[in-house]
Each structure stands twice: as C-alpha cells, then as structure tokens.
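Each remark here refers to the structure printed beneath this line.
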Amino acid sequence: MHGTDTTGSPYAPHTDEERAAMLEAIGVDAVDDLFDIPADVGFDEEFGIESRTERQTRRLVRSILGRNDDLTELLGRGHYGYYVPSLVDHLADRSEFLTSYTQYQPEASQGFLQALFEYQSLLVELTGLEIANCSMYDAATALGEAATLADRVRDTSGQRVLVPDLLLEGRRSTLANYVAGTDLAIEEYPTADGAVDLDALRAAVDDDVVMVYAENPTVRGTIEEELDAIGDLVDDNDALFVLGSDPIALSLLQRPADVGADVVVGDASVLGLPTSYGMGLGLFACREDYLRQVPGRLVGASEDATDRRAYTLTLQTREQHIRRERATSNICTNQAWVALRTAMHAAYLGPDGMVDLAKRGVTRAETLADRLDDFVGVTAPVHDRRHFREFVAHVDQPARAIADDLETRGFAVHVVGDHEIQVCVAGVPDDRIDAFVDAFTEVVR
Amino acid sequence: MTADDGRTIEHETDERADQVRYDQARYVEDGQYEPLLCEKDRTEVEIGDGDDSPLPDDLTRDSIELPELSEPELARHYTRLSQMIYGIDSGPYPLGSCTMKYNPKFTEDVAALPDAAVHPDRSAESIQGTLELCYRLQDYLGRIGGMDAVTLQPPAGAAGEFVGIRVAAAYHEHNGEGHRDEVIVPESAHGTNFATAALGGYDVVSLPSDDAGRVDLEALDAALSENTAALMLTNPNTLGLFERDITEIADMVHDVGGLLYYDGANLNALLGRARPGDMGFDVMHYNVHKTFATPHGGGGPGAGPVGVVEDLAPFLPAPRVRESRDGTDTGSEQTYELFDPEHTIGRVHGYQGNWLVLVKTFAYIARLGDEGLTDASAKAVLNANYLASRIEYDVPYEPFHHEFVASAGDQDAADVAKRMLDYGVHPPTTKWPEIVPEALMTEPTEVESKSTLDRLAAAFNAVAEEDDATIEAAPDRTTARRIDQTSAARNPRLSWQALADDE
C-alpha cells in the first residue's frame, strides 16, 4: 500500500524482495551502481519539494486555484467559453484515449486514428478545402505554419506577408518568431470598421506579396464582407490567401473554398475545451495542391490484410522524425486529444446544432449591442457592420475605469481602446447577460 | 453448442438476424471495424433562402452536411473506438524515447477544477490562483533542472526546442554575434532537433557518434567554430548512455562562444541524480508529458517549458510570471503579476501554452516531491537494466540508463513489433536510432512491476525464436490486421469526402 508516508514514487512498484531479485539478475549490488554519472556532475542535494498524499495535493491545488475570482467572462477575441456537453468529458476521458501515444502502430490504434480521420473530415466539410491535418497547437502557431508553407509553395521572388493591423498580439508575435528563420517580412495593412479596408489592401498588394492573411470574423467580432474581393485580389497577384476562422463561425459564414482561400487556420477548440487560460487547438486546412507540403500529422484510409478499411498515419516522409531538417514543420507532439474533443462536440451538436449556435452568435451579439446602445454615453456597436459573438462599444468615460468597476461587480470585459470596450456573448447564459446589463447600468449612470 | 440436458442449441440464421450479426471476434459491422459517424447518419442543412438566417445570403454558406446521431449512438461510437486503442492503461508500453509512464488519475480531477478554466485575457488581479500555480511550477522546474529562469509557454517539446533556438539567436544577436549560423546536432538526436534548428533558420551540422555510442570529441572539435550558435544534446543520449565527457563538451562549446542546449526528452533518467544546469547546459526544455506524467492523449497535448541560465533569462518569451514588486502584497498572501523580460523574443504561442497540462504537471510534482521523483528515476533505470538482462536480443551499447537499444539482428524490427502486438504488449520504438541495425529502442519506465517486465521479456523472447513467415504475417490478434501503408501514401484518402469520391 502506498499511503501517507510514501518514501518513493507511489506509481512505481517493487517490493524489497523484487528489487533484490532484479539486481541479482542484472549482476549488480545496488541501484546506484547502474548510474554512470561522473561525480563532478552528480546531484546529491534535494530539490526542497515536499512529498504529499494525493488528498493533500488535491487540497493544495484547489486552494491555490481557489484564489481566482469567480467572474462572468464576457471575453472572446479568440477564446470562448461555450458550454461543453458532459458526453465530451466522459468519453474523451476514457483512459484508452487519454493514455495512448502517437499512432505509430496503427493495428493497435484504430480507434484514435478513426477519430482523427473524422476530425479531418469535419474540417474539410467546414472549410471546403480538400486537406486538413489532424491538429496543431493553436491559432497563432497554425498561422506561423501557414507562413512557412507559403514560403515553400510560392514560387515568387517576393517576401512580404500581409496581416491586418488589428491582428492579436499573440498571433502577430508568434508569426514573427515562426518566420524568423526565413526571408519573409511581415507587414500590416490598415483596416476600417474593424474589417479589411479593401482599397488599402489593394494598394498594399503587389507581386512581392507571398501571403495575405485575413480573419472572419475579425478580432473585433466584425463579419468580413469583402472576402470574395480579397480572394480575387490575392489570386490575381499569385499570393497565398490564408483565412483565419473557427468551426462555429465556419458553420454559418461564407465557405472559405468559395471565396478563394488557399489555407484556413484558426482555433478549433471553441468546441470541446473550456477557456483553459488560452490552451487551444490549431486548425489547419488547405488546398490539395499543397498535400506534400502540409505541416503536421495526416491520417489516411487504407486497407488491412483482410481487405477491410483501416486507418494509418500517412505521408510521414514530410515529418520531422523521418525528414529531419527538411521536414515541413518541427511539430511532433500536437493536440490530438483536444481534436478528439472538438470532433465529439461537433458530432454532439450535429448540423442543426452547429448552425443554430452560430446563428445565435449573431443574434445575441446584436441584441446585447442594442441594449448597450440605449445608454447615454455608450455607442454600440462601434463598427457599422454585422457582428459575430462580440462587438466593440464606445464609452464616453475611460474604458479602463468602466472595466475595473464591472470587475468589482463580477463581470470581465476587454478594454481595447481608451474609450472602447469589447463584449462577447459566447457561452454566457441569458440570465448572466441580464445581470451584466444591470451592472452596466450602475457603472455608466 | 450443447446444453446441459444434451439438446443442441442452434443459432437463428434468418435474414434479419444476419443483418445485425456482430462478428464478436472483430466486431465487424457492415464489413468494417466501425463505420464512420457520417456513414451511420448525416444530414445536410440548407442555410439562407429566406429562412431565419440573421445574415444576408451573400455572407453565409449555402449548406452544411454533418453527422447527425443521438447522444446514445455517439456514446457507443466513441466507446467502441476507445476499445480499439492500446494505451498505457491497457498494458506495458515500452516506447523508447517516448517515456510512456502511468498517469495518476487525480491529476485529471484537479485539471478539471472550475477555477482552472479561466479566460486568458482576465486581469492579473482576478486570477491570482492561476498565476500562483504558474509561479510555483516555474520554481519547481527550475530546481529540478538546475536552471535560473523558466517559461511555461511552449505547448510541446519541439516548441520548447524552438524557444531555445530563438532565445539563442536573440542572445547572440544582442551580443553582436548575429553571424553565428550553425547548430550542431548529433546524428542520434531526435528528429525534432534537426527540424527545429532548420525552422530557426540555422544550418544543421550533423555530428557522428564514436564507437561507444557517445559524442565523438574529435568530431565535435572539428564541427565547432566561430559560426556555432549552439549544440543540441540530450543526456543520457538516445542510446540511454550518459555523456560522461559532458563537462569537457560544455567547455568546448562555450570556448567558441556557443550555447549548450539540453533536450529534456530523457530527463526521467536523471531526476534527483544530476541536473542539466550543473552539467553546463545553458538552456533546456522539459517534456512534462514524459517526465512528469501527464497523459499523451494519443499525440498531445503536451507542454515544453524552457529553463535557462541567468544570462539568457532576459530573452525568454513574454509574458512570464513573478511575485509582485509594486507593493500590493496583501499581507497574508503573496501576489503575482505578468511581466515581459527585457529583451524578450515575444510569443511562441497565442497565450500561455497548454495550461491544463501544466496544472497536471504541478500536481504530479507536488505529489511526488523529492523522494518520489528520485525514486522514479532509480526504478526507471533499474527496470531498463532488468528487462535488458532478460531478453535474448543483443544490446550492443551499455551501460545504459532508462532505455536501451536492442538489435533484432536478422529479423526485421518492424515485423518484430507487429508480432509483439499479438502477445498483448506494445512494442518498443523500432528502426531508430539508426546507429543500431534493426533497432528495438526500449524504455519500460519505473511504473512496470517485475512480473510485467518478465511478461514483456517473454514476448521479446518468443518473437526472437519465431521464423520470418510468422512475424511477417503478424499481427492477427489486434483489431485490424497488417495495414497497407504504401497504398495509404500512394492514394491519399484523408477525409470521408475523399472516400466518398473514391467509391
């Protein structure tokens, strides 16, 4: 029994008798004899980390995390607190899913391979593009991978990558690190009304542009209305059109393939994961032309020796463990289990559920914007466009003061300008929206 | 079948029974092991056309077609899929270099605490618990690795390598040494090292091993130059051998102005015995999903925190967590804040990496403490040596620590692996490192008992005695039989839509 007074790892077996028998079989006197570490680099001190029982550890973590305030989060900008059905937790937590490794032995991994194949199929349906990999880290790193893909597939002399000036700092900075080893240069193009300023983009695009990135919806929740024109513009200049989105938005908004997108990236964990302090799931889909240049893992259908359909990791000659420095990416461990959760959540919702959730993202944002707009000193939404899940409101008072006041009343909102707050309805129940409006009344009056 | 009273029980074989019959041996349904969700039931939903769409038609898609199943049907589908997966909870999983060890269950519960799920844009004041846990984990990892500063941001080991390479580049650039354009990587290193160095824009200089399987000091001397940005190394190396000349290696790298990078993949072998920081490494990543037991989840998420010595700390990704310095200490409790290191490389992830994995890591380290962590490495090394002593395959390189590389000799290592599946155990990593012909790279970890190791050895030894025809026909006791990899690559069918087009 490993109880309170553990003197070693509670997850490592061996009685004294067993250890003695093992040492004898090996032919040494003590475990220490098996360590071939020179004395000058040996460590014989302690880390100073106390050993605890499981119960004590749970209490410790609970008490640390218990310092977090219980706020209603009207926060979005890439991460959304949609309700995750219990089915997802219970089935994804089955230990075969949780405790397996990458599917290098497909005969013993059919279940996970099939689940990832279904995830890829979901993304193909949502994007209209032919290829989707079976997960990357998050939206920011997927964007970085899209840029290195552009560098490989675009046979132009140009090196310019264009991104909107509203791009989230986490994405912009991650992208900059990903392209640091290439000759690519990142430039911002201006936006207007929280979306692409088509004239400004047209002025910025020339033959030196390798890739243009746009988002739908944008970081400010604005629905992009010029995607067709952007697609044509990028295509005319032989650049790669990379579109950022997510599975819920893609259930309703224009299909990326229909507007000329070559690659779709984004965070797919809007389905299947709670907000998780920014943990994500990188969505990556692209046109079939780039099949041999796709980063990350791909699951393909094949047959087994009985001619039945079976699944396997495929085209691994693109990957780091085979291609080494010529690999399409360095990614190895990815987000497979999160992809499983996302696919489960999507399957739970079904097509009607997905579309309904997306539609409510439009109507509920519209309704809340109307309610805030009624206040004196508040204009919402700021951008005279259509919005998805979230919107920006102008406040006459300093935005920081309003946000701080709201926080003391139990609500978190974004501050995106001196007099601008951003509010998101995704995952917030109606009664909490009502309570927020009540609190807002107190704050702005 | 004969009943007790001697009557013969016959199965109904009418047409209806035939339609719903399950092949219990392989659970075959409709000629497949398990149909895809969208083959079971799917629906196409039209969008627009004057319905209740809140958007004009030109801003929406026309339609969407997705699986449509009830919750009970989904529960059965995913339960069935889980039954077709081998995990560490199914049995031993001695994948060399991958460190597949048992994952305690309570860590799942603490990661599922409601307070763990906060939005990443919350104010620091409102998530003191999250920041305190980050701070404490940074501290734990620093002590374990002998490092001065730690970032938790990288979402995987390879992402940690990338941080190390970017930090090295920023450091050299800052010191006016931006000309350094080479990263040295031993031939036996993990493939991610090569790919990461290339992603960082470096030329990769491959370093051969000496006859004993370690870094060849003469070759290292020849490879080092004023162009060296870093040497990427793991210790013990992928053969499980400790690089005994590590101090000399570190001096050689530092003498030319390069940095020494530690690949944390093999840290499980060293816990409490040696620390990368003490060996002269300047920067390292921790594969917390290997060393500290957070489930691999079929390929992730993991997390790859990076530790550095003091000189490199100003270049780490932003933001990091520290104790508050603005005097807002509330008296009874320390407060924490985010800050950007002075010369930060910026971000390598949109937010703070795979946070829920970090919660599990913290809980695991807090549970084991000094005694548990040190015991884990001791038993990992004991188990590897015991297993190696029991198997009949040749193990050419020793003395090894937590893993060893056996050679399948005249047999094909990939076939050996398939055949081991028939014995109900997961095979080792095969055909790598290439230093050993037909490599069987084996890492039992600390969590296997003597009896399980004996069972594993018996499986190795049974296969070692078998003829080629037998192992080439394997596996025949898994869900699926040997899968045709060639046709999967030649005719890629990567989605249900591609399958439907094909048929």
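The values are calculated or read from the model by the stated rules, or taken from the named source; none is laboratory data. Fair warning: this is a prediction, and the values are worked out from it, not measured in the lab. Neighbour counts are summed over all protein chains in view; Cβ atoms, including those assigned to glycine, are modelled from backbone coordinates with ideal geometry. These area figures cover heavy atoms from the full protein model, side chains too; ligands, DNA and RNA do not enter into them. Shrake-Rupley method; radii C 1.70, N 1.55, O 1.52, S 1.80 Å.
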>> Given the condition at pLDDT 95 or above and in contact with a His (Cβ under 6 Å, 6 or more places away or on another chain), answer yes or no: does some residue in the range A:203-211 qualify?
In response: no
> Do you know which residues across the range A:126-142 are out of contact with any strand residue (DSSP E or B) (no Cβ under 6 Å at 6 or more places or on another chain) and either under 21 Å from A:T174 (Cα atoms) or surrounded by fewer than 23 Cβ atoms within 10 Å (Cβ to Cβ) (or both)?
Replying inline: A:G128, A:E130, A:S135, A:A140
> Listed residues A:A358, A:A310; which is open to solvent by less than 50 Å² (accessible area, probe 1.4 Å) and in a helix (DSSP H, G or I)?
Replying inline: A:A358
> When the residues of the range A:336-357 are filtered to those that are out of contact with any helix residue (DSSP H, G or I) (no Cβ under 8 Å at 6 or more places or on another chain) and not charged (D, E, K, R), which remaining residue is farthest from the other protein chains (Cβ to nearest Cβ)?
Replying inline: A:G353
> Restricting the range B:176-190 to residues that are open to solvent by 40 Å² or more (accessible area, probe 1.4 Å) and touching a residue at least 40 places away in the same chain (Cβ under 8 Å), which is farthest from B:R275 (Cα to Cα)?
Replying inline: B:H179
> Would a scan of the range A:361-384 turn up a residue that is more than 10 Å from chain B (Cβ to nearest Cβ) and in contact with a Cys (Cβ under 8 Å, 6 or more places away or on another chain)?
Replying inline: no
> Conditions: (1) more than 8 Å from chain A (Cβ to nearest Cβ); (2) crowded, with 16+ Cβ neighbours inside 10 Å. B:I64 meets all but one. Number of the miss?
Replying inline: (1)
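What helices (runs of 4 or more DSSP H), lying completely within the range A:1-94, carry at least 3 residues that are within 30 Å of A:M354 (Cβ to Cβ)?
Passing ranges, in order: A:86-92.
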>> Against the condition surrounded by 24 or more Cβ atoms within 10 Å (Cβ to Cβ), more than 8 Å from chain B (Cβ to nearest Cβ) and modelled with pLDDT of 95 or more, how does A:G260 come out, does it pass?
In response: no
> Can A:E18 be described as in contact with a Lys or Arg (Cβ under 6 Å, 6 or more places away or on another chain), open to solvent by 40 Å² or more (accessible area, probe 1.4 Å), at the interface with another protein chain (Cβ under 7 Å from one of its Cβ atoms) and farther than 28 Å from B:M279 by Cα?
Replying inline: yes
>> Suppose we filter B:V381, B:V416 for residues that are in a helix (DSSP H, G or I), within 7 Å of chain A (Cβ to nearest Cβ) and among the β-branched types (V, I, T); which single one remains?
In response: B:V381
> Which one is surrounded by the most Cβ atoms within 10 Å (Cβ to Cβ) among residues in the range B:113-141 that are among the small types (G, A, S) and in contact with a Pro (Cβ under 9 Å, 6 or more places away or on another chain)?
Replying inline: B:A116
> Taking the range A:363-405 as the search range and keeping residues that are over 13 Å from A:V423 (Cα atoms), touching a residue at least 12 places away in the same chain (Cβ under 8 Å) and part of a helix (DSSP H, G or I), which one is most open to solvent (accessible area, probe 1.4 Å)?
Replying inline: A:R400
> Within the range A:318-340, is even one residue modelled with pLDDT under 95, among the acidic types (D, E), closer than 30 Å to B:W432 by Cβ and buried (at least 22 other Cβ atoms within 10 Å of the Cβ)?
Replying inline: yes
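Rundown of residues vs (1) under 20 Å from B:L453 (Cα atoms); (2) facing another protein chain (nearest Cβ under 7 Å); (3) crowded, with 19+ Cβ neighbours inside 10 Å, yes/no style:
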{"site": "A:A12", "(1), (2), (3)": "yes, yes, yes"}
{"site": "A:G42", "(1), (2), (3)": "no, yes, no"}
{"site": "A:I64", "(1), (2), (3)": "no, yes, yes"}
{"site": "A:R67", "(1), (2), (3)": "no, yes, no"}
{"site": "A:V88", "(1), (2), (3)": "no, no, yes"}
>> Name the residue that is surrounded by the fewest Cβ atoms within 10 Å (Cβ to Cβ), counting only residues in the range B:379-421 that are hydroxyl-bearing (S, T, Y) and farther than 22 Å from B:S209 by Cα.
In response: B:S389
>> Please go through the range B:474-497 and give me each residue that is more than 7 Å from chain A (Cβ to nearest Cβ) and crowded, with 17+ Cβ neighbours inside 10 Å, ordered by number.
In response: B:A474
>> Looking at (1) surrounded by fewer than 18 Cβ atoms within 10 Å (Cβ to Cβ); (2) within 14 Å of another protein chain (Cβ to nearest Cβ); (3) at pLDDT below 95, which one does A:R445 not meet, given that it meets all the others?
In response: (2)
> Could we say that A:N237 is within 25 Å of A:L122 (Cα to Cα), of a type outside the set (A, V, I, L, M, F, W, C) and either open to solvent by 40 Å² or more (accessible area, probe 1.4 Å) or touching a strand residue (DSSP E or B) at 6+ places or on another chain (Cβ under 7 Å) (or both) here?
Replying inline: no
> If you check A:G221 against the conditions, is it surrounded by 15 or more Cβ atoms within 10 Å (Cβ to Cβ) and either touching an Asp or Glu at 6+ places or on another chain (Cβ under 7 Å) or among the β-branched types (V, I, T) (or both)?
Replying inline: yes
> Out of the range B:437-471, which residues are surrounded by fewer than 24 Cβ atoms within 10 Å (Cβ to Cβ) and part of a loop (DSSP other than H, G, I, E, B)?
Replying inline: B:P437, B:E438, B:V447, B:S449, B:E465, B:E466, B:D467
> When only residues in the range A:143-177 that are closer than 19 Å to B:F315 by Cβ and touching a Ser or Thr at 6+ places or on another chain (Cβ under 7 Å) count, which is surrounded by the most Cβ atoms within 10 Å (Cβ to Cβ)?
Replying inline: A:G144
> Quick one: which of B:D263, B:D245, B:D311 is in contact (Cβ under 8 Å) with a residue 12 or more places away in the chain, out of contact with any strand residue (DSSP E or B) (no Cβ under 9 Å at 6 or more places or on another chain) and of a type outside the set (A, V, I, L, M, F, W, C)?
Replying inline: B:D311
